[in-house]
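Asks: Quick one: the structure is below, and I'll ask about it shortly.
The values are calculated or read from the model by the stated rules, or taken from the named source; none is laboratory data. This is a predicted model, so every value here is computed, not measured. In this analysis, Cβ positions are derived from the backbone assuming ideal geometry, glycine residues included, and neighbour counts consider all displayed protein chains. Each accessible area value is taken on the protein alone, full model and side chains, heavy atoms only, with ligands, DNA and RNA left out. Shrake-Rupley method; radii C 1.70, N 1.55, O 1.52, S 1.80 Å.
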Amino acid sequence: MPKPEIELTAAEWTIIKSVWEHEPCAAPAIQEVLHRRTEWTYSTVRTLMDRMVGKGLLTAEKVRNLTLYRSAVTRTQAQRGELRYALKHAFNGALTPMVQCLLETSPLSAQELAEIEALIRAKRKGGNK
């Protein structure tokens, strides 16, 4: 059964990026890492992390009196979910205008263009897998 699409809020992105860097981790450690940038209190971070457990984005394991959190989704899964969301909402599901927008708004080196062309060639050879 395919995994449901992953859509993270801005706050969830902030949390999960820190979890990826520090896992396994406890909420106080994440709050400390994020405090300067977000000014979130411990209770805010803990609530967000517990909600993310409920959504299947994080896992939580009780070790004595400490809850350790780990990511339940990979960076790739989260990135793909974000792209699918943008494709669906900003481009009405049309891939070509989205790619055109990305190509027009991002300066690309010759190396990056060659890599993109290689991806397209490989997709053509492999069909629509």
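Asks: Can you tell me which residue within the range 15-26, out of those that are of a type in the set (D, E, K, R) and part of a helix (DSSP H, G or I), is least open to solvent (accessible area, probe 1.4 Å)?
Replies: This residue is LYS17.
Asks: In addition: Suppose the filter is charged (D, E, K, R) and open to solvent by 70 Å² or more (accessible area, probe 1.4 Å); does ARG46 pass it?
Replies: no
Asks: Right, next: Would you check if GLU61 is in contact (Cβ under 8 Å) with a residue 24 or more places away in the chain, open to solvent by 70 Å² or more (accessible area, probe 1.4 Å) and within 22 Å of ILE6 (Cβ to Cβ)?
Replies: It is true that GLU61 is in contact (Cβ under 8 Å) with a residue 24 or more places away in the chain, open to solvent by 70 Å² or more (accessible area, probe 1.4 Å) and within 22 Å of ILE6 (Cβ to Cβ).
Asks: For GLU12, state whether it is under 17 Å from the mean Cα position of the chain (by Cα), under 13 Å from ALA78 (Cα atoms) and open to solvent by less than 70 Å² (accessible area, probe 1.4 Å). Before you say what the answer is, go through the steps one by one.
Replies: Values: under 17 Å from the mean Cα position of the chain (by Cα): yes; under 13 Å from ALA78 (Cα atoms): yes; open to solvent by less than 70 Å² (accessible area, probe 1.4 Å): yes.
Yes; evaluated as a whole, the condition is true for this residue.
Asks: In contact with an Asp or Glu (Cβ under 9 Å, 6 or more places away or on another chain), small (Gly, Ala, Ser) and either open to solvent by less than 50 Å² (accessible area, probe 1.4 Å) or within 26 Å of ILE16 (Cα to Cα) (or both) - does that describe any residue in the range 113-124?
Replies: The answer is no, given that none of the residues of the range 113-124 is in contact with an Asp or Glu (Cβ under 9 Å, 6 or more places away or on another chain), small (Gly, Ala, Ser) and either open to solvent by less than 50 Å² (accessible area, probe 1.4 Å) or within 26 Å of ILE16 (Cα to Cα) (or both).
Asks: Name the residues in the range 51-94 that are more than 19 Å from ALA11 (Cβ to Cβ), over 16 Å from the mean Cα position of the chain (by Cα) and among the aliphatic types (A, V, I, L, M), would you?
Replies: Hits for the range 51-94 are VAL63, LEU66, LEU68, ALA90, ALA94.
Asks: For ALA29, are the conditions met, namely being of a type in the set (A, V, I, L, M), over 26 Å from ILE116 (Cα atoms) and part of a strand (DSSP E or B)?
Replies: Against the criterion (of a type in the set (A, V, I, L, M), over 26 Å from ILE116 (Cα atoms) and part of a strand (DSSP E or B)), ALA29 does not qualify.
Asks: Note down all Cβ pairs under 8 Å where the first residue falls in the range 1-18 and is over 14 Å from ARG84 (Cα atoms), the second is at pLDDT below 95 and exposed (fewer than 12 other Cβ atoms within 10 Å of the Cβ), and they're at least six residues apart or on different chains.
Replies: Correct list of pairs: THR14/ARG37.
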